[in-house]
Each structure stands twice: as structure tokens, then as C-alpha cells.
Amino acid sequence: MKIASLLPSNTEIAFALGLGAQIIGVSHECDFPAEARTKPILTKSKINQHTRSGEIDKDVMSLVKKGLSVYDIDAEKLKALRPDIILTQDQCDVCAVSLRDVEEATRVCIPEVQIVSLKPANLKDILHDILIIGKATNKCEEAQALVKSLTKRIEEVKKKTQNLERPTLCCIEWLQPLMTAGNWIPEMIEIAGGKNIFGRAGKHSLKIAMNEILRLQPDKIVIAPCGFPISRTLQDIGFLTATPEWGELKAVRQNEVYVVDGNAYFNRPSQRIVDTLEILAAIIHPELFTERRELALRLRSMYSYE
């Protein structure tokens, strides 16, 4: 069985199920585990992903308004590799290659290929998607074992936090324009022992104004821009810290602002989403959770306020 995976989370899941040797092509963003980077690349972005947050959003919206795709698929390479299965998604057309693009690229050259498209909106969906990939690739037992292990870790966090005081938390998913996290993040904030105040579980990210955050004064702020590692987020952090409202936020004054890896953890619906849950738990209740604490950068070491 030859597998092409066009989404980083799908690639991670496939490797976790022992399918690394059968993966014959990946997306340009597939970077974990390290072996994924050795596979032929089948996609590329039409925008410059190394520019500022505002420019990225502007370029993406321009393509979307024209009815164009944000990504290209190398149809010729895909045809030459002739995968039996393509793992893709139809959850977000601006985050990865769309299902429509995959169907168009394969309709003529490899019409017999099996397309497995995932659309996770919450934590339960992510776990179920592992089972879907397992079934499609004859790795049902491995998928069930992985889900069982992940579920146990989720329940351990839930048990520890169920009777605790719940600080309010705002998770920022994009810097310019300002957006707060949706999908699985609001649910995981609650499981981790916090109270989510922006974004709806199972729904896409929400655009807001800084004065809305100021009005609700969250106890803690987590900054996890989609597709950005910590180092990349810090390049654009000025979009937040330069605003007049920033220094008036309680979370800022109390050194409760954290930058995390949105690309590897918060925005990637793979088995590592449970690592994300544990990162959130360590931020919200550091007195109880010590693991994963090193994966969150506390901004007090960079900025000071009176």
C-alpha cells in the first residue's frame, strides 16, 4: 500500500501507526517526525509564508475572494508516484490543500486512488480520525491502541482539574487581524481546568478587537498563531505589544501571557493534540502539572510593566 499524505497531522498519525515506510509523498508542511522531511514533496503554497501576519492574511483573502486555491498540488509527481491512498482534509481550505484540489488532481491521472478526507472540529473528532486512518490502512489494532492511550491521558487531566477554580483564558490564534482560537481549543481549555472566554467549541476561529479582550480581562493569555512556531510568533509579537490596550490587560500586568508552538501543537489535529492539552494544563494550573511546562514561553522574561 502506497500512501500520500497531504496534511501534517495525517502524516504524524500515519507514522504513529507504523506506516512510515509506506508513505511515498507528503505536503510541504509535513515536518514530524523527522523522517517525514525525507519524503517527496507534493504541494506548495502560493503565498509567502515568511512575511508578516497581516500580509499573509491579505494574500490569502485575495486568493479566496478570486475563488483560487491557496496551495498547488504537483499533479505530475503525484501521477508518477501513483499512491493507493491519499490522506487529506476538508476542514479548512486556507490551512492546507483542499479536498476539491485533490479530487481535480487525481480525477484523470489516478481515478482509482482512494481519498480519505478528514474534517475534525473537536477533540472527539481527532481521536476518531485516528481510527479512520487505521481502518483505511489496515492498522485498526494499532489505531485502537493509540486512541486508548490518548484517552487515558485526557481522562487523567480531566480528573485532576474537575473540582479546581477555573481562571479565564483567551487563546489567540492569529495576530493581524486579531483572531481567537476555535475548533478543539475551547473544549481543551475547559478540560485543562480553565474557562474559555472567546471562540466556540467546534467552530472556526473568531475575529475580535483588542478592546474586547480588554473588556473581559482574561486571567491568562495564550498566543498560538496558526502555523507559527514560537520563534516565528516572536517576530510579529509587536502587533499585540504595541497596542495601547496591551499594557492595561490584567494577564500582561500579572505575567500570565504565554507563547506556544501553534504549528506543532495547538493547530495540528494529530495524536500530539493531547500534548497540547497537557501544555494548557501546565499553563492554567502549574501547581499540579509540571510536564510540558517547558513548551510554553512566559513573556515576563521579555517585557516588563509597572
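Each reported figure results from applying straightforward, stated rules to the coordinates on display, with no laboratory input. Quantities reported herein were computed from a predicted structural model and do not represent experimental measurements. Don't worry about glycine lacking a Cβ; one is built from the backbone with ideal geometry, like all the others, and counts go over all protein chains shown.
Potential lengthening of the chain between Leu214 and Met1 amounts to 71.4 nm, from the contour at 0.36 nm per residue minus the alpha-carbon distance. Label-to-label distance, Glu294 versus Asn255, with points set 7 angstrom from Cα along the beta-carbon direction: 2.0 nm.
On a C-alpha basis, how far is the centre of segment 175-238 from the centre of segment 256-287 in Å? Whole number, if you could? Here the two parts' Cα centres lie 12 Å apart. Remark: the Arg200-Glu156 segment gains 13.5 nm on full extension, using 0.36 nm per residue and subtracting the alpha carbon distance.
Spin-label pair Ala145-His128: with each label point 7 Å from Cα along the Cα-Cβ axis, the two points sit 2.5 nm from one another.
Proximity of backbone amide H atoms, modeled 1.01 Å from N, is registered between Leu118 and Thr88, Gln89, Asp90 at under 5 Å, excluding neighbours fewer than 5 places apart on the same chain. Ranking of Thr168, Thr38, Thr137 by neighbouring Cβ atoms within 10 Å, starting from the fewest: Thr38, Thr168, Thr137. Under 5 Å from the amide H of Ile223 lie the amide H atoms of Ile172, Tyr258, Val259, Val260, each residue being 5 or more positions distant or on a separate chain, with H modelled from the backbone and absent for Pro and chain starts. With the convex hull drawn over the C-alpha atoms of segment 71-194, the volume per residue is 109 Å³.
Within the shell of other residues whose beta carbon sits under 13 angstrom from the beta carbon of Phe32, the net charge comes to -2, with Lys and Arg scored +1 and Asp and Glu -1. Ordering Leu178, Leu288, Leu87 by the number of other Cβ atoms within 10 Å of each residue's own Cβ, fewest first, gives Leu288, Leu178, Leu87.
Ranking Val147, Gln217, Thr241 by how far each Cα lies toward the positive end of the dipole of the chain (charges on Cβ) leaves Val147 at the top. Be a star and scan segment 176-194 for residues whose amide nitrogen sits under 13 Å from the point 7 Å along the Cα-to-Cβ vector of Ala242. Residues passing the 13 Å test: 176. If you take all other residues with their beta carbon under 13 Å from the beta carbon of Ile85, and give Lys and Arg +1 and Asp and Glu -1, the sum is +2. Taking square-rooted eigenvalues a ≥ b ≥ c of the alpha carbon gyration tensor, is the chain rounded, prolate or oblate, where a/c under 1.5 means rounded and, failing that, a/b exceeding b/c means prolate? Since a/c reaches 1.5 but b/c is at least a/b, the shape of the chain is classed as oblate. Put in order of Cβ neighbour count within 10 Å, fewest first, the listed residues Tyr258, Tyr265 become Tyr265, Tyr258.
In a simple Cβ point-charge model (Lys, Arg +1; Asp, Glu -1; nothing else charged), the chain has a dipole of about 200 debye relative to its Cα centre.
Anything in the chain that counts as a DSSP H helix reaching 24 Å or more along its axis (C-alpha) with Kyte-Doolittle mean of at least -1.0? List them, would you?
Details: long enough: 140-161 (32 Å, -0.78).
Those that pass (Cα extent of 24 Å or more, hydropathy at least -1.0) are 140-161.
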